[in-house]
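The values are calculated or read from the model by the stated rules, or taken from the named source; none is laboratory data. Here the structure is a predicted model, which means the values were calculated and not measured. We place every Cβ from the backbone using ideal geometry, glycine too, and count neighbours over all the protein chains shown. Please note that ligands, DNA and RNA were not included when accessible areas were found on the heavy atoms of the full protein model with its side chains. Shrake-Rupley method; radii C 1.70, N 1.55, O 1.52, S 1.80 Å.
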Amino acid sequence: MTDDATIEQMRNSTIRRAIGPTILLGSGTYFDFQDPRSSSITIEDIAFGLAFEGRCAGQCYSRILQKRVFYSVAEHCVRMSWSVAPELALEALMHEVGESVCGDMSAPLKSLNPSFKQIEKNCEAAILEKFGVTITDPVEIKRADLRMLATERRDLLPWKGERWGIDEYAQPYDWEIIPWEPEVAAKTFLARYEQLVAARGTHDGR
């Protein structure tokens, strides 16, 4: 066997296959990327998965703190849920659930990987269905997401004012971001979820 074949065999040994390729979640269950609808996942898996996943490929620099910082997907979701109309808050909080299992591939890189984008969308749809969440106004959710990106660009990237495509659609929010620690982001995400579920009587998926 060649070295390349041996290395590939070793790589494959790290992938547990049930029906398809799976990962082990913090709750102790396996998530199957080829059959996400049959996979178990808890809201804690989502909250902590997103809280320890960095936005912008981890390349964040705080304009306010004047240093590199970690800014999580969970915090992005919580802040967005605070910024939309109340009837869209749960949708905003849960709009990145696919990233809790797939990770946060940056949009420029994702544009070069359509197969990954489809896998992530399939996982997102399955998880949203499991938690009884429907994106009722995708245009408004996307608009809010772009406003979040504009806010993050202003506060958390070494941006020098050059024009981006988002400038045609979104202006930053009028509040500023000082990032939370991952544990704080996870707990805040969970508290916000419980608050919104209680307010709307939405099935919690567990």
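Observations, loosely collected:
- Looking at I166, I135, just one residue is touching a helix residue (DSSP H, G or I) at 6+ places or on another chain (Cβ under 7 Å), of a type in the set (A, V, I, L, M, F, W, C), at pLDDT below 95 and farther than 22 Å from D32 by Cβ, and that residue is I166.
- Of the residues making up region 27-80, those that are among the polar types (S, T, N, Q), open to solvent by less than 50 Å² (accessible area, probe 1.4 Å) and touching a residue at least 60 places away in the same chain (Cβ under 8 Å) are S39, T42, S62, S72.
- Search result, residues across region 104-132 that are open to solvent by less than 40 Å² (accessible area, probe 1.4 Å) and either of a type in the set (D, E) or at pLDDT below 95 (or both): D104, K110, E120, E124
- For E181: the one exception among (1) surrounded by 13 or more Cβ atoms within 10 Å (Cβ to Cβ); (2) within 17 Å of V73 (Cα to Cα): (1)
- Any hit, region 157-178, residues being in contact with a His (Cβ under 8 Å, 6 or more places away or on another chain) and surrounded by 14 or more Cβ atoms within 10 Å (Cβ to Cβ): no
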